[in-house]
Amino acid sequence: MSHLIAPSILAADFANLQSESEMLEKSNADWFHIDVMDGVFVPNISFGMPIIKAIKKFSNKPFDVHLMIVEPQKYINDFKAVGADILTVHYEVCNHLHRTLQEIKAAGMKAGVALNPHTNVNVLENIIQDIDLVCIMSVNPGFGGQSFIESTYEKVSTLKEMIVKKNAKTLIEIDGGVTSENARKLIDCGADVLVAGSFVFKSDNPIETIENLKTV
């Protein structure tokens with residue numbers, strides 16, 4: 001499988017979300033990456049279900065929804081209802097991770113697990129076959145535009161070895177600080193999906209920037 005590009009709506013112009021969504025729809029982006037923050041798990045607040053529902057009107061591409069919130073299990077069906085195709089929860093807030101993943105799948109979505117920079121990928125070893133996607137945070141969650149954490153490469157390689165060893169189908173997603181400078185190395189380490197926010201939306205030509213990330 002060639003790698004996928006999932007531009008992060010968090011970096012879009014919020015005053016022009018329709019035009020930004022229509023631009024992504026026309027581009028070679030594979031997914032819409034949508035960060036939901038609650039101001040509790042991370043020190044920021046972003047959009048919720050009404051905004052996701054509104055954006056969905058302008059796209060037929062999969063919605064990759066990343067929940068940076070406490071008690072995500074309470075909202076699984078709500079996010080399905082507004083258009084989520086992939087729902088990712090953080091390992092750090094799920095006391096019953098396996099149950100939450102099963103509930104996401106039962107609701108008809110792919111189930112993802114996100115790991116903060118300090119969290120070792122080995123915590124997923126006994127559950128990796130139940131995970132459709134692991135989102136490795138390559139910046140500290142909560143804000144866009146941060147610098148890439150260099151230890152991410154080793155983390156991706158270790159996770160890839162685990163996935164192969166367990167004969168799992170899990171995709172590896174990288175979220176934070178992705179640019180054309182580090183994209184190829186991340187893919188070579190085992191990344192399948194690259195999330196890019198500021199690098200896409202703050203560029204002079206976002207459609208061209210997405211294409212460059214696709215062909216890197």
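What follows draws every value from the coordinates through simple rules; no lab data is involved. Model, not experiment: these values are computed from the prediction. A quick note on method: Cβ atoms are made from the backbone with ideal geometry, for glycine too, and the neighbour counts reach across all protein chains shown.
Test VAL42 against the stated conditions and say whether it is in a loop (DSSP other than H, G, I, E, B) and either among the basic types (Lys, Arg) or surrounded by 18 or more Cβ atoms within 10 Å (Cβ to Cβ) (or both). Taking the combined requirement at face value, the residue satisfies it. When GLY112, GLY177, GLY190 are checked against the criterion of being in contact (Cβ under 8 Å) with a residue 60 or more places away in the chain, within 21 Å of HIS33 (Cα to Cα) and of a type in the set (Gly, Ala, Ser), GLY112 stands alone in meeting it. Contact annotation: residue pairs with Cβ atoms under 8 Å, 6 or more positions apart or on different chains, pairing a residue in the stretch 39-51 that is touching a residue at least 40 places away in the same chain (Cβ under 8 Å) with a partner that is part of a loop (DSSP other than H, G, I, E, B) and β-branched (Val, Ile, Thr), are PHE41/ILE69; PHE41/VAL70.
Hey, can you tell me all the residues within the stretch 171-202 that are among the β-branched types (Val, Ile, Thr) and within 22 Å of ASP132 (Cβ to Cβ)?
Taking the stretch 171-202 and keeping what is among the β-branched types (Val, Ile, Thr), we get 172, 174, 178-179, 187, 193, 195, 200.
Result: ILE172, ILE174, VAL178, ILE187, VAL193, VAL195.
Scan THR152, THR119 and give me the residue that is in contact (Cβ under 8 Å) with a residue 12 or more places away in the chain and surrounded by fewer than 19 Cβ atoms within 10 Å (Cβ to Cβ). Spell out how you get there, then give the answer.
On the way: THR152 fails: surrounded by fewer than 19 Cβ atoms within 10 Å (Cβ to Cβ).
Residue meeting the stated conditions: THR119.
Between ASP85, ASP64, ASP35, the distinction of being among the acidic types (Asp, Glu), in contact with a Phe, Trp or Tyr (Cβ under 8 Å, 6 or more places away or on another chain) and crowded, with 20+ Cβ neighbours inside 10 Å belongs to ASP64 only.
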